[in-house]
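Contents: one structure, followed by commentary.
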Amino acid sequence: MRSEEIDTLMNYLKEEIQLKFGGEIAYAKDCQILSLQILETTKRQLSESTLKRFFGIIDSPFSPSKFTLDTLAVYLNFSNWQDFVNSFENEKHFYSNFDSWKQLKNRVNVITELSYQSMKGKEDGVFEGAPLREFADFHFHSFLDSPQIASAFVAPGGYGKSTLIAQLTEKYFTGEDAIYPDDIVCLIDGSILYNLITQNIKINRLYQLLKFDPQDSFSNYFRENPEKVKGRFVMIIDGFNEMVFPPQELNHFIGNLIKIVASYENLDWFKLFISCRPDVWRAFSSSVKKNTFLQSKWYRINFDVPEPNEINVPKLTKREVRKSSHEFLDGLSLGKRQMLFENYDLFRFPLFVHLLQSGRINLNSSLFELLKQYVCEVYLSGPYQIERTNLLNSIVQLSEKGRLGTFVSKDKLFPSGISSVAYNAMVSYGILKEFTKSLNFLDLTTYVEFSQDIIFSFLVANKWIEERELNRELIESIYNYYPKSSEFREQVLRFIIQYSFLVGKTDFLKELFMLSELKGNTFFPGLEVLIEEELKNSEDNLEELIPVWVESNL
């Protein structure tokens, strides 16, 4: 082979290596990174100095050795240097070995697998146990078949978005019986995106998300070589709100995604799907709203809805609750089931069912115990525990233990020294929710309330228990404290009775049994059923309590 032919082959070899590397190799640091890549890919060692000589960073009077050429060819997925030479055709040569659909799929699979394992670790294996929800399956399947480029799941934390994303990824792209095995799925766990970009030297394509450059996009190759497209390229970003970026970089990232949607509009093989919480979605959608054309590229996303209605992941239906919780409900007593069905809204949150399936909450306990476990796991877990506790206490105090209503003014909440970071986290996670209300002409006030009413009454009951001694006077005080809120009063009293059984306050319970009427009415409908159920579940003090219960008017 003539020397000029060898030089041509060497140049193509260098170009293909740089293409796979993701950029020009011009500095010592590039060679250091490439040396690590080669070792990881080929299990063969090429030193930094060898690569410097090969790419002309330092002068060398010697030609590359056969070992160097073989190793570089293996790095490009050829058997050896001769295999690379044999595949070369001067008039037809193109970078098919890396830019082909299969090679791109193999490379992107690295991202997807790392993200999937990260999501799976955070969800405690819930992927395997939870059935795929019908609404999500229909939405995603219809989106893939639609002409639109992008779509999203928007909901607070605890709605199971990550679980749905993982299940859909496996069903449609990565599972053994995947519906579209030829499609490329780039699954990105938002919480580890920054680490993927900065630490994993194999995933240079992710830089497109941070520094969008249409001229350097992989799509250009497939635009010019449409025959190489073997399916769709589906980018899925889960946990958009969990990305660890400064605000200005997050805004830049959002802008890049919008540019990607705009630039890929004529490519029917590209799809983008994201999941995020409503607070982050507002920042995203506000940018899209500026362009009517871009809005039309989103599947089943209405950019004109008011903020409280922007959630598109529904709570569990009754059928889904039965399907996911039947094994826990079947062994319960009739009274216990009745108690749970009265608080059915708890079960409609996927997070509650997940905690139930993982054993972190127990249905065999009283409702008071169950809610205590739930509040500790969801409301008071994670960072800022003290700040979260202070926030919950402030809401209870400002509402005067619910006498003024179940919500408080946001303006009154923050002068009390509440941490805005803890507050924003609880709103983002769907624990608290905001709404606006007009009290006077042109006067809009923002209010804050709990997403689940039962949690508020539970916290109020705890505040009564914390401040007062359990006796007859406490019951009468609570009864008189809520003259216009009989339903709320009933729930608070229920929790206090359950707490009394839990801690064995027998003197108070005996007094309660005999105090069967107050102001001419029983405390609340169903008091007898509640006490009977608690007696059945109480192993202590039964001999002391049963005779008093039998003698009471109840």
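The values are calculated or read from the model by the stated rules, or taken from the named source; none is laboratory data. From a predicted model like this one, the values you see are computed outputs, not experimental measurements. Using ideal geometry, Cβ is built from the backbone for each residue, glycine included, and neighbour counts are taken over all protein chains shown. These accessible areas exclude ligands, DNA and RNA; they are computed on the full protein's heavy atoms, side chains included. Shrake-Rupley method; radii C 1.70, N 1.55, O 1.52, S 1.80 Å.
General remarks:
- Degrees between helix 453-467 axis and first principal axis of the chain (Cα, 0 to 90, nearest 10): 60
- When shorter helices are ignored and each DSSP H run of at least 4 residues is given -39500 (n - 2.57), the per-residue value for the chain at 222 nm works out to -15500 deg cm²/dmol.
- FRET efficiency for LYS230 and GLU327, using Cβ-Cβ distance with R0 set to 45 Å, rounded to 0.05: 0.60
- Summary of packing: across the peptides 362-375, 153-166, the per-residue average of other C-beta atoms within 10 Å ranks them, highest first, as 153-166, 362-375.
- The long axis of helix 101-122 is offset from the longest Cα principal axis of the chain by roughly 20 degrees.
- Karplus-derived HN-Hα couplings along segment 225-240 (A = 6.51, B = -1.76, C = 1.60, θ = phi - 60°), whole Hz, x at Gly and Pro: 10, x, 5, 7, 6, 10, x, 10, 9, 10, 9, 10, 10, 9, x, 3
- Computed on protein heavy atoms with a 1.4 Å probe, the accessible areas place HIS141, HIS252, HIS354 in the order HIS252, HIS141, HIS354, largest first.
- Charged side chains reduced to their Cβ positions (Lys and Arg at +1, Asp and Glu at -1) give the chain a dipole of some 1020 debye around its Cα centre.
- Distance between segment 446-489 and segment 1-51 - C-alpha centres, whole angstrom: 71
- Whether segment 425-486 is rounded, prolate or oblate, judged on the alpha carbon gyration tensor where a/c under 1.5 counts as rounded: oblate
- Taking packing as the residue-averaged number of other Cβ atoms within 10 angstrom, the listed peptides 183-193, 466-476, 109-119 run from highest to lowest as 183-193, 109-119, 466-476.
- Bridge type composition, the chain - antiparallel percent by DSSP, nearest 5: 40
- Simple spin-label estimate for ARG223 and LYS412 gives 5.8 nm between the two label positions (7 Å along the Cα-to-Cβ direction from each Cα).
- Candidate lysines for bridging to LYS52, where Cα separation is under 29 Å - those fewer than 8 sequence places away on the same chain excluded: LYS14, LYS20, LYS29, LYS43, LYS66, LYS202, LYS211
- Across segment 46-57, computed HN-Hα scalar couplings (Karplus, 6.51 cos²θ - 1.76 cosθ + 1.60, θ = phi - 60°) run 10, 6, 4, 5, 4, 5, 4, 5, 5, 8, x, 5 Hz from first to last residue, x flagging Gly and Pro.
- The Cα center of segment 329-343 and the Cα center of segment 497-515 differ in position by 22 Å.
- Extreme residue, positive dipole direction of the chain, given options LEU132, ALA262, ASN393 (C-beta unit charges): ALA262
- In units of the rule-of-thumb radius 2.2 N^0.38 Å, the chain shows an alpha carbon radius of gyration of 1.28.
- Computed lengthening from GLN338 to ASN80, 0.36 nm per intervening residue step minus Cα-Cα distance: 85.7 nm
- Residues whose amide H lies under 5 Å from that of PHE233, counting only those 5 or more places away or on a different chain, are ILE184, PHE270, LYS271; hydrogens are built 1.01 Å from N in the peptide plane.
- Among PHE143, PHE293, TRP549 - extreme Cα towards positive end, dipole of the chain, charges at beta-carbon: PHE293
- Cross-link partners of LYS289 among aspartates and glutamates (Cα-Cα below 19 Å; sequence separation of 8 or more within a chain): GLU265, ASP279, ASP304, GLU307, GLU310
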